[in-house]
């Protein structure tokens, strides 16, 4: 092969190398985001492991770089083809192997696997460059072109895999696609090394067989993947999720107890049922403090049950639900009996957008109530929903006397932050309830609303269940009682301030709880 032909082939190979390497990284980002329940530090450790692996792979490649003689170079390139095949096979196994390891050990101990996989993948680029670029006056220019090709391939891997493949295929299917591309890379290296005739045909057959084996093996290897990653030491091979939805936004799972999970962590229960002591009481609570909630904003749709409850409120005229993950409304809610009717409810408008961005773009929109069932306060990006700056945005979108109800998931700092932004704030169970005016509780009004509540035409409480309503609304009479069970506890602003006097508020700059040790 001429030097120019060899260079063109090398350009294609390094571009493919970049695509495969970054695509695997995208898969591993999803893997560790899910298994860690989106802990903020997990991505940094993964990225560090990946980069360390690339550096070690580049350093290790020196052992394979010969003296540049033609015969020795082709011989070593044939060895490289086998090496790259092994690297891609190892990269294919990272996801299922880690999923089995976390059943026995903490996921943090599995990052060395990423280092090894990245090292194997990372050695290919410098080796291909070494064999494709002769040591002449154009070596620098050729090297820059090859690195540009690798960068373009890496960028395509991030974009195509992250935004297209992940929206159409499962992590198992994408892994098969990548390992097959890796085996094609092996075939390219074989061709590059000068193999022809029978030897090349044998290696081509090997590539086909290896690809077929990867396809067949992917079934048992990835079976129960997300159950292992989510349940870890509590994994039971007989228990399977009733729904697993993978998209470019992330992974949503639903178990047979109607619990929904987003990114490997509890997201809520797919029920609108209300009974004494039920945590479902929180979205029903708005009538206890607001006399006439007509317009409601919900940020975070999830399984849609809170939106269903709010849209069914006897006084509510409209609910605007802003959700960043389109998979909830497109692929989950249509299958959820308790909430699927919101998709056809004329009172409900579902908008796919980032909540903060939507608020910023719609400064004229004002609401009687804003409700957010926030994720756990220690997850990455949770600060975006708990910071002082975000609460100030919410305050600016409330009508006079409007209320803001959000799930603080036990964060006392979030509760204190709300006291800094709003004139009045209380806690309701693990939620924070704030208003731009003094909050007043009306037991009888709340009771009347609950008596009239209908969801999908059915009364939430039948006439003979008035005793249950009385039990529920009686929690107003015990507000301020620290000894009462948290499922009925209401604490005042003064009590919040007393409990949080030594705590710092959450801001966009301090990132709240995100990097606390857990």
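Values in this text are rule-based calculations from the coordinates and carry no lab data. Remember, it's a predicted structure, so these values are computed and weren't measured experimentally. Positions of Cβ are generated from backbone atoms using ideal geometry, with glycine treated the same way; all protein chains shown enter the neighbour counts.
Using a Förster radius of 41 Å, what is the FRET efficiency between residue 458 and residue 152 based on their Cβ-Cβ separation? Nearest 0.05, please.
On the way: r = 57 Å, r/R0 = 1.40.
Efficiency at R0 = 41 Å is approximately 0.10.
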May I have the convex hull volume per residue, in Å³, for the Cα set of region 272-499? 114
What angle, in degrees between 0 and 90 and rounded to the nearest 10, separates the Cα long axis of helix 40-60 from the longest principal axis of the Cα atoms of the chain? 0
Cα gyration tensor shape for region 3-229, rounded if a/c is under 1.5, else prolate or oblate: prolate
On C-alpha positions alone, give me the angle between the axis of helix 111-122 and the longest principal axis of the chain, in degrees, nearest 10. 40
At what distance in nm do the modelled label points of residue 351 and residue 494 sit from each other, each positioned 7 Å from its Cα along Cα→Cβ? 4.0
Packing-based ranking, highest mean first, of 34-42, 160-168 given that Cβ atoms within 10 Å are counted: 34-42, 160-168
Only counting other Cβ atoms within 10 Å, I'd like 316, 244 sorted with the fewest neighbours first. 244, 316
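What is the gain in length, in nm to one decimal, between residue 331 and residue 248 on full extension, counting 0.36 nm per residue of separation less the C-alpha to C-alpha distance?
So the chain would gain 28.6 nm between residue 331 and residue 248.
Arrange 12, 7 by Cβ neighbour counts within 10 Å, fewest through most, would you? List each step's numbers first, then the result.
On the way: 12 14, 7 17.
By the 10 Å Cβ count, ascending: 12, 7.
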Taking Cα atoms only, helix 197-222 is inclined relative to the longest principal axis of the chain by an angle, in degrees rounded to 10, of 20
Counting DSSP beta bridges with both partners in the chain, what percentage is antiparallel, nearest 5? 60
Quickly work out the residue 47-to-residue 501 label distance, labels modelled 7 Å from Cα along the C-beta direction, and quote it in nm with one decimal. 4.1
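When a/c reaches 1.5 or more, the comparison of a/b and b/c decides; with that in mind, is region 261-407 rounded, prolate or oblate per its Cα gyration tensor? Walk me through the numbers on the way to the answer.
On the way: a/c = 1.30, a/b = 1.08, b/c = 1.20.
Verdict is rounded for region 261-407.
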Listed peptides 253-260, 290-297 by packing density, highest first (mean Cβ within 10 Å): 290-297, 253-260
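Hey, can you rank 334-345, 494-505 by average C-beta count inside 10 Å, highest first?
Details: 334-345: 16.8, 494-505: 13.5.
Result, highest mean first: 334-345, 494-505.
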How big is region 208-278 by the Kirkwood estimate over distinct Cα pairs, in Å? 14.2
Under the definition of Cα pairs under 8 Å and six or more residues apart, what whole-number percent is the relative contact order of region 3-229? 38
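Express in nm, to one decimal, how much length is gained between residue 340 and residue 470 on full extension, taking 0.36 nm for each residue of separation and deducting their alpha carbon distance.
Extra length available between residue 340 and residue 470 comes to 43.8 nm.
What's the Kirkwood radius of the chain in Å, using all Cα pairs? Working shown, then result.
Working: mean 1/r = 0.0386 Å⁻¹.
Final number for the Kirkwood radius of the chain is 25.9 Å.
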Taking the simple approach of a point 7 Å from Cα along Cα-to-Cβ for both residue 100 and residue 291, what is their distance in nm? 6.6
Mean-position separation - Cα centroids, region 328-405 and region 134-198, in angstrom: 42
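Region 112-222: D in µm²/s via Stokes-Einstein (Kirkwood Rh, Cα pairs, 4 °C, 1.567 mPa s)? Write out the running numbers ahead of the final one.
Values: Rh = 16.3 Å.
Result for D is 80 µm²/s.
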What FRET efficiency comes out for residue 258 versus residue 143 if R0 is 60 angstrom and r is the Cβ-Cβ distance? Round to the nearest 0.05. 0.55
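Ranking 459, 31, 11 by Cβ neighbours within 10 Å, fewest first, what do you get? All intermediate terms of the calculation are to be shown ahead of the outcome.
Values: 459 13, 31 25, 11 20.
Fewest to most other Cβ atoms nearby, the residues stand as 459, 11, 31.
Quick check on region 354-442: take the gyration tensor over C-alpha atoms, sort the square-rooted eigenvalues as a ≥ b ≥ c, and tell me if it's rounded (a/c under 1.5), prolate or oblate.
Values: a/c = 1.82, a/b = 1.05, b/c = 1.74.
Taking the square roots of the gyration eigenvalues as a ≥ b ≥ c, region 354-442 is oblate.
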